[in-house]
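Where a number appears in this text, it was derived from the coordinates with a stated rule and is not lab data. If you're wondering where the values come from, they're calculated on a predicted model, not measured in any experiment. Cβ placement follows ideal geometry from the backbone for every residue including glycine, while neighbour counts extend to all protein chains displayed.
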2 protein chains.
Amino acid sequence: MTYLSNDPASFAEDALAGFCELHADTVRRVPGGAVRRTRPGQPKVAVLPGGGSGHYPAFYGIIGPGLADGAVSGNLFTSPSAQDACSVAMAADSGAGVVFGYGNYAGDVMNFGLATEQLRAKGIRAENVVVTDDIASAPPDRVADRRGIAGDFTVFKVMGAAAEEGMDLDEVVRVGRKANDATRTIGTAFAGCTFPGADAPLFTVPDGHMGLGLGIHGEPGLRDVPRPGARELAEDFVARLLAEKPAGARDRVAVLLNGLGSVKHEELFVLWADVSRLLRESGHTLVLPEVGEIVTSLDMAGVSLTVTWLDDELERLWTAPAWTPAFRRGSITTADAGATVEDVAVAGAPRFAEASAASKKLAASVLDGLRAVRTALREAESELGAIDAVAGDGDHGRGMVRGIDAAVAAAEAAWRAGAGAGDVLAAAGDEWAARAGGTSGVLWGAGLRAAGEAIGTQAGTIDARAAVDAFAGRITALGGAQPGDKTLVDALVPFQQRLRTGTWAQAARAAEEAARATAGLVPRKGRARPLAERSVGTPDPGAVSLALVARTVSEHLEEGT
Amino acid sequence: MTYLSNDPASFAEDALAGFCELHADTVRRVPGGAVRRTRPGQPKVAVLPGGGSGHYPAFYGIIGPGLADGAVSGNLFTSPSAQDACSVAMAADSGAGVVFGYGNYAGDVMNFGLATEQLRAKGIRAENVVVTDDIASAPPDRVADRRGIAGDFTVFKVMGAAAEEGMDLDEVVRVGRKANDATRTIGTAFAGCTFPGADAPLFTVPDGHMGLGLGIHGEPGLRDVPRPGARELAEDFVARLLAEKPAGARDRVAVLLNGLGSVKHEELFVLWADVSRLLRESGHTLVLPEVGEIVTSLDMAGVSLTVTWLDDELERLWTAPAWTPAFRRGSITTADAGATVEDVAVAGAPRFAEASAASKKLAASVLDGLRAVRTALREAESELGAIDAVAGDGDHGRGMVRGIDAAVAAAEAAWRAGAGAGDVLAAAGDEWAARAGGTSGVLWGAGLRAAGEAIGTQAGTIDARAAVDAFAGRITALGGAQPGDKTLVDALVPFQQRLRTGTWAQAARAAEEAARATAGLVPRKGRARPLAERSVGTPDPGAVSLALVARTVSEHLEEGT
């Protein structure tokens, strides 16, 4: 379990602060994460790994020459926001563009994707490399659905060395994707980790068993099996990885044997003796293998094995020197390092477009509507959490409340600053996305911003259908979910369709019926869901939230008339 | 707990083998531990940390330029044998002598002390630096009784840098002892570790509490207290260390914040934020602090804070570069590194003095006696374990059986090789010490060797009193225990005295009575005893073993007559 904290709610931030204090000579903290203290002497591509916290040394432990230029760091096991990613990227960019690297999780994909769009709109070149190394998370014919776990490290190491060599953005992305294509990981867990302040682990594994292929956030794996001896585990791991050797791959490999937290060094060395022997016996040459804690999950008891098949280019980049707090290889020249950067605030106060008097008046009604939604979500928080806990991690209600609280605060500030109705809603969306975390946070945030942009800052009334179309269009484009996937889209689409011909109240009732009907659906394949794979019989919490918000807005509109 | 092993009995050896395989380019395995792969270009002092396994990266993880020349590695939480220490020392010595560094535990003190004597007898200069940093293990007026914990690292780092600089043996010892005198550690544990194959932890801490000052093998600390928040723990740790600031110390400090195993990186960073602030607020300047896993205890949940007050010389040595598997600082020149050494067997077959026919005949009787003792100890193993478990770690019976098994095997080999009676017994003693581990192993081994030397290889009969005097003299000289300390000496001294005027049978009965009487004694202060401090009411297992052996030999002698 986690024993040491001050406030469990700020644990991830407190840890990042302590880390940045310890390494203040080489790393500086910025909103959303950390970047190198020194700026490059001439423009170089900024390699920016990121994801939720709780995986140290992933991701901020590998900031330094030859590896990452910065790291985007979310709350525990929760994607950072697009705003976090933009903040870190703007601090790290030296004019040659940025590339985000992250594991394939819905929240990360959306937030980093959104950040990429926002950075490009600001004139900063931005790209993404998504890691999909976990062979237990989807079969070989659906590689793109696989999660990213410890193979993150190899991919980021290769990209970091490429950027240090002076490769341009397209080249760094190319080698990063090549490294990902050549990387396979299999993991297992013996016992779950416990969050700060929690009194029970996030998941459990039956005594004497292990969860083969269990994800680093407790996502479902292959199956629970009796815990084998070290030699049998090594044989199983190596056989599974060799069965997925890429076509045409040669026999030189980078290898990571990774402890998740409570499986200790001596155990890893015992396992390594067999792993290395088996890999050699299969005709492979091991190139600078690493054994240790590389991508952890708090105190989870587990271990994973990663193999990357190397060509000449990947081997050169894998073996290149690097110097970071948690990973040091060879001797790296620092002659190119430019000036040291003192700590500076990155984020400024938002600016709003000049609004009409009518839109400013309308903004007050928008703000009242958001407050009504806040009241409703706060009242429903525990119920939403209970629904989510059946098949998920139970944090949906908390995330929605965190989002709406931040949204209302931002809307109030925007309203006081004289923003029009559309900007008040857009500002609310931005803060929702930044503070709520997770997949639903970015969807709600991006949806509200889109609706706000549709409303604009001049008109004195709202075209509800246009606003809802913008909201729904953004969410379906970002999330990629289809009706029937058991997501909030199952309530959103009926709502949107009913609104085309009916009133808001009728549409809200359609959303409620559709949300209840999600109880009969099976979640879309590949959708990351910890603890249980089946949630038939329980409605989707995201759909329930959407229906609740629709009804609350309906009541708010009726009061207003 | 420990999840991964092949054979729990060979876990420590398997881990060392896996480590040496992983780092075969820089480290080579030798009997008893590991040494650097490269030999120095010219003679330099060999710095050799050592102790029981289970504390990685202590001790073999810090072998490399600027730090250790090798490491002596015992079984889990068990002192290596003197033979292990000699083996590593002979492989590492380049002509300038060796210095062993280890924490202040009875078994380590005896085994390394014995190795030092044996090396000197072979013409190799050898010294010892004993670390006593744990302020919870004895009050300030008994610093020499304190245990060594994470402060080991700072002391060894300073010694490694000194040797790398070219200091001679006396100088390396001087700076090592100076570093120890300037180093203070306070630790705490939240939960105990579990040995490979065991189904219960070595110790437990009540829920919601922590064992303040608990030792890294579960030795008693100060007291169990409710578990505080990170900030309160930082305040308590810093206050306790500052209260022991050495007289005349300046305000520049090396700091280690050490995780014992299951307290993870993020928690350490949260704690570090407060620790570093408090140390700065007290006027101290932090010089290259380290936060991480430095001296672990398998998967124990615990943390310790170490402060070393630096003078100019210690600061120079602390900040000097080093390059090892687990600790890398700066960029170290390797121009001085000499030739790479291929793996070679260090130990050869023992050679025996030419023995008389009478002594060879007597040797068969000695061998039979040892076999009788083996039978008796095997039968008594679980009973001895149960007695030991009342106040100790319950491994006394197992250790005695491991010792006698190895002793009989060695005696048989010596007898087949034509050794005389004394050499058969001496060979048995050497293997007992090498294989049994722990304090009792080295005492029995050294005692039997001394008895063997008294018996010699010419006489056809044994002067029992002379042999027992040699046995007892060696044990009391090595162990330093006095009658009344509740050790095997409480049975040995009455046995020896009764034998002066009586028969072996009478002496054996005196030993049995004395062993039973140890139930009323309180253990000597400072004697490391996990789990419980009081053992009044239970006889000392070492004394019981001695009486059992005495009686068995008595029966063997009667059969022989």
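See the values below:
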{"item": "Averaged over A:184-191, number of beta-carbon atoms from partner chains that fall within 10 Å", "result": "1"}
{"item": "Relative contact order of the stretch A:1-131, defined on C-alpha pairs under 8 angstrom at six or more residues apart (%)", "result": "23 percent"}
{"item": "Anisotropy class of the stretch A:341-460 from Cα gyration tensor, a/c 1.5 cut", "result": "oblate"}
{"item": "Within the stretch A:15-89: Cβ-based charge dipole about Cα centre, in debye rounded to nearest 20 (Lys, Arg +1; Asp, Glu -1)", "result": "200 debye"}
{"item": "Whether the stretch A:1-131 is rounded, prolate or oblate, judged on the alpha carbon gyration tensor where a/c under 1.5 counts as rounded", "result": "oblate"}
{"item": "Cβ-placed point charges (K, R +1; D, E -1), dipole of the protein assembly as shown about Cα centre in debye, nearest 20", "result": "360 debye"}
{"item": "D_trans [Stokes-Einstein, Kirkwood Rh over alpha-carbon pairs] for the protein assembly as shown, 20 °C, 1.002 mPa s, µm² s⁻¹", "result": "67 µm²/s"}
{"item": "Cα gyration tensor, the stretch A:182-320 - rounded (a/c under 1.5), prolate or oblate", "result": "prolate"}
{"item": "Neighbour-count order for B:Thr319, B:Thr487, fewest beta carbons within 10 angstrom listed first", "result": "B:Thr319, B:Thr487"}
{"item": "Loop-located trypsin sites (Lys or Arg not before Pro) in the stretch A:361-450, at most 11 other Cβ atoms within 10 Å (DSSP)", "result": "none"}
{"item": "Chain A: relative contact order as a whole-number percent, Cα under 8 Å and 6+ apart", "result": "14 percent"}
{"item": "Relative packing of B:552-559, A:321-328, A:221-228, which averages over residues the other C-beta atoms within 10 Å, highest first", "result": "A:321-328, B:552-559, A:221-228"}
{"item": "Highest average packing first - B:95-101, A:406-412, Cβ atoms within 10 Å", "result": "B:95-101, A:406-412"}
{"item": "Dipole magnitude (debye, nearest 20) for the stretch B:357-560, charges at Cβ of Lys, Arg, Asp, Glu", "result": "320 debye"}
{"item": "The stretch A:159-307, relative contact order in percent, only Cα pairs under 8 angstrom and at least six apart counted", "result": "29 percent"}
{"item": "Residue-averaged beta-carbon neighbours from other chains (10 angstrom radius) around A:281-294", "result": "2"}
{"item": "Potential lengthening between A:Asp236 and A:Ser356 on full extension [0.36 nm per residue; Cα-Cα distance subtracted]", "result": "36.4 nm"}
{"item": "Cβ-derived FRET efficiency at R0 41 Å, B:Ala24 paired with A:Thr204, nearest 0.05", "result": "0.60"}
{"item": "Lys/Arg +1, Asp/Glu -1 at C-beta; the stretch A:182-320 dipole; positive extreme among A:Ile186, A:Gly215, A:Leu279", "result": "A:Leu279"}
{"item": "Set of lysines with alpha-carbon distance to B:Lys44 below 22 Å, sequence-local pairs under 8 removed", "result": "B:Lys122, B:Lys157, B:Lys178"}
{"item": "Considering only chain A, percent of DSSP beta bridges that pair antiparallel, nearest 5", "result": "60 percent"}
{"item": "Mean shadow area of chain A, taken as a quarter of the surface of its Cα convex hull (nm²)", "result": "25.0 nm²"}
{"item": "Exercise: per-residue mean of other protein chain Cβ atoms within 10 Å, A:228-236", "result": "3"}
{"item": "Separation in nanometres of the label points that stand 7 Å from Cα toward Cβ, at B:Val225 and B:Ala477", "result": "4.6 nm"}
{"item": "Pairwise FRET efficiency - B:Glu165 versus A:Ser331, Cβ, R0 = 22 Å, nearest 0.05", "result": "0.65"}
{"item": "Beta bridges per DSSP with both ends in the stretch B:1-131, % antiparallel, nearest 5", "result": "35 percent"}
{"item": "Kirkwood Rh in Å, taken over all unlike Cα pairs in the stretch B:448-498", "result": "11.5 Å"}
